[in-house]
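A short worksheet on the structure shown next.
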Amino acid sequence: MYNASNRSRSVLALARKPPTRKGPQLSPRKAPTQARARATVDAILRATARILTRRGYDGLSTNAIAQLAGVSVGSLYQYFPSKEALIRALVEQHVAELEAILTPDPSLLGQPLEVLARMLVKAMLEAHALDPALHRELLAAAEKVGVPQKQFIRSRGDVLVRALLEFYAPQLRPLDVELATFIIVGAMEGMELRITSEKPEWLTDERVVDELTTMLLRYVGHISVTGTGRRASS
């Protein structure tokens, strides 16, 4: 028998699936297996991020990356065949970090929705507050090399929001889950992008967390289980 809450718990507990690679020019030549090799790859990716933030995608070159990372160009090419492959690796790393932050432990589903929603909104903003300049440049670079970073993040957001809407359905107004998921993920994506590009200082502002949480809860018509029990007004 279909059980939305059990399904939602299983969705939130799923192992994270890596993004599908679209072409050999974007794929690493080999994966580092030893500690020294992993340290080399980490240094290369850190150098890529620093140069990307300072100079943008057009100022990025494998020679400059290798020099800053303290490795030879040959060593860099052992792992990454092009700067496009480096952008792909940074995107995947960034998406994995966001997933780790935004995917709640299934045990948190016992929390009231207003508490969990605020935790997720705050986590999303703080994740981008760590390095908003890199986030902006990475989005632009990803578009240039055909790496759909927005789609990767959006697809994970779709899964999470749908699961939460299904689990907390008894506390919400009647919703078309597919439509509501589309609207919520799109609204949050738009707000996150605008705040990051125009008002990065707001990424750590508790007022913004409060306002975005209130907006989401009112949209879904949430019935508080910690307050009066009345449905949120629109």
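The values are calculated or read from the model by the stated rules, or taken from the named source; none is laboratory data. The structure displayed is predicted, hence computed values, not measured ones. Note: ideal-geometry Cβ built from the backbone for every residue, glycine included; neighbour counts use all protein chains shown.
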Of these, 4, 49, which one is surrounded by 15 or more Cβ atoms within 10 Å (Cβ to Cβ) and either at pLDDT 90 or above or under 25 Å from residue 140 (Cβ atoms) (or both)? 49
With 141, 163 as the choices, which residue is of a type outside the set (Val, Ile, Thr), farther than 21 Å from residue 108 by Cβ and surrounded by 19 or more Cβ atoms within 10 Å (Cβ to Cβ)? 141
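Criterion first (closer than 27 Å to residue 201 by Cβ, aliphatic (A, V, I, L, M) and modelled with pLDDT of 90 or more) does residue 142 satisfy it?
For residue 142, the condition - closer than 27 Å to residue 201 by Cβ, aliphatic (A, V, I, L, M) and modelled with pLDDT of 90 or more - is not met.
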Out of the stretch 71-107, which residues are among the β-branched types (Val, Ile, Thr), assigned to a helix (DSSP H, G or I) and in contact (Cβ under 8 Å) with a residue 40 or more places away in the chain? 87, 91, 95
Considering (1) buried (at least 17 other Cβ atoms within 10 Å of the Cβ); (2) among the basic types (Lys, Arg); (3) not in a helix (DSSP H, G or I), say which one residue 173 fails and leave the rest. (1)
Go through the stretch 100-115 residue by residue and tally those that are within 17 Å of the chain's Cα centre (by Cα) and within 13 Å of residue 161 (Cα to Cα). 3
Of the conditions (1) β-branched (Val, Ile, Thr); (2) surrounded by 15 or more Cβ atoms within 10 Å (Cβ to Cβ); (3) touching a residue at least 24 places away in the same chain (Cβ under 8 Å), residue 204 clears all except one; give me its number. (2)
Please go through the stretch 103-116 and pick out each residue that is buried (at least 17 other Cβ atoms within 10 Å of the Cβ) and either at pLDDT below 85 or not hydrophobic (A, V, I, L, M, F, W, C) (or both). 103, 104, 109, 114
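With 178, 137 as the choices, which residue is in contact (Cβ under 8 Å) with a residue 40 or more places away in the chain, at negative phi and either among the hydroxyl-bearing types (Ser, Thr, Tyr) or assigned to a helix (DSSP H, G or I) (or both)?
Testing whether each residue is in contact (Cβ under 8 Å) with a residue 40 or more places away in the chain, at negative phi and either among the hydroxyl-bearing types (Ser, Thr, Tyr) or assigned to a helix (DSSP H, G or I) (or both) leaves just 137.
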Out of 171, 111, sole residue that is polar (S, T, N, Q), over 30 Å from residue 59 (Cβ atoms) and touching a residue at least 12 places away in the same chain (Cβ under 8 Å): 171
